[in-house]
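Note sheet for the following structure.
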């Protein structure tokens with residue numbers, strides 16, 4: 001069920017990295033709404049270099065969660081709580097985007113993935129869901145679990161579910177005045 005937001009800025013302020021989920025399942029139609037939002041994201045030269053793998057099978061989801069938390073640095077132990085994981089796959093870009101990335105020395109495909117992931121997460125927030133974007137995981141294990149072909153790369157995992165606590169925690173950000181200038185650095 002969509003939450004009413006009076007502005008886009010209010011929606012953005014409500015989105016945070018959820019690290020504690022309740023056990024309520026997420027309806028497939030809500031997941032598809034998030035995927036539709038990601039699908040509409042802009043990309044360099046309209047490359048759309050992404051694919052999303054929705055993991056909602058409990059056994060496979062827990063195996064995937066293990067791939068996010070069994071590292072030297074203990075991180076992401078909350079991932080088993082999330083009822084759904086969405087693996088963001090980097091696909092080969094179209095030729096124009098690939099050439100542009102080389103000429104400009106900018107990783108357009110990763111920028112595109114970030115934009116699509118943000119669209120997904122903001123839509124989830126609008127639907128009352130919580131997300132946490134995870135970049136720390138065992139890529140080889142994820143690749144094997146999900147049978148990802150060699151030319152595609154899992155770059156992010158989105159933990160998705162209903163937040164355990166409804167309150168949005170305080171955000172700690174740099175002072176607003178320190179993040180921009182006008183007309184020169």
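The values are calculated or read from the model by the stated rules, or taken from the named source; none is laboratory data. Treat the numbers as computed from the prediction; the structure is a model and nothing was measured. Positions of Cβ are generated from backbone atoms using ideal geometry, with glycine treated the same way; all protein chains shown enter the neighbour counts.
Quick look at the numbers
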quantity	calculated
Close pairs from the range 117-144: first on the phi > 0 side of the Ramachandran plot and in contact (Cβ under 8 Å) with a residue 40 or more places away in the chain, partner in a loop (DSSP other than H, G, I, E, B) and surrounded by fewer than 23 Cβ atoms within 10 Å (Cβ to Cβ), Cβ under 8 Å, at least 6 apart	128/1; 128/2; 128/3; 128/162
Yes/no for residue 42 being under 16 Å from the mean Cα position of the chain (by Cα), in a loop (DSSP other than H, G, I, E, B) and exposed (fewer than 12 other Cβ atoms within 10 Å of the Cβ)	yes
Only listed residue being in contact (Cβ under 8 Å) with a residue 24 or more places away in the chain, under 27 Å from residue 9 (Cα atoms) and out of contact with any helix residue (DSSP H, G or I) (no Cβ under 7 Å at 6 or more places or on another chain), chosen from 164, 91	164
Of all residues making up the range 1-21, the number that are surrounded by 14 or more Cβ atoms within 10 Å (Cβ to Cβ) and closer than 24 Å to residue 58 by Cβ	3
Members of the range 57-90 found to be buried (at least 16 other Cβ atoms within 10 Å of the Cβ) and in a loop (DSSP other than H, G, I, E, B), listed by number	76, 81, 82, 83
Qualifying residue in the range 91-100 (condition: within 20 Å of the chain's Cα centre (by Cα), surrounded by fewer than 19 Cβ atoms within 10 Å (Cβ to Cβ) and outside any strand (DSSP E or B))	yes
Sole exception among (1) at pLDDT 95 or above; (2) under 20 Å from the mean Cα position of the chain (by Cα); (3) within 30 Å of residue 11 (Cβ to Cβ); (4) assigned to a loop (DSSP other than H, G, I, E, B) for residue 148, by number	(3)
Failed item, numbered, when residue 168 is tested on (1) assigned to a loop (DSSP other than H, G, I, E, B); (2) touching a strand residue (DSSP E or B) at 6+ places or on another chain (Cβ under 9 Å); (3) more than 16 Å from residue 50 (Cβ to Cβ)	(2)
Given (1) modelled with pLDDT under 95; (2) out of contact with any strand residue (DSSP E or B) (no Cβ under 6 Å at 6 or more places or on another chain), number of the condition residue 68 does not satisfy	(2)
Among the candidates 131, 109, residue that is over 30 Å from residue 4 (Cα atoms), in contact with a strand residue (DSSP E or B) (Cβ under 8 Å, 6 or more places away or on another chain) and crowded, with 16+ Cβ neighbours inside 10 Å	109
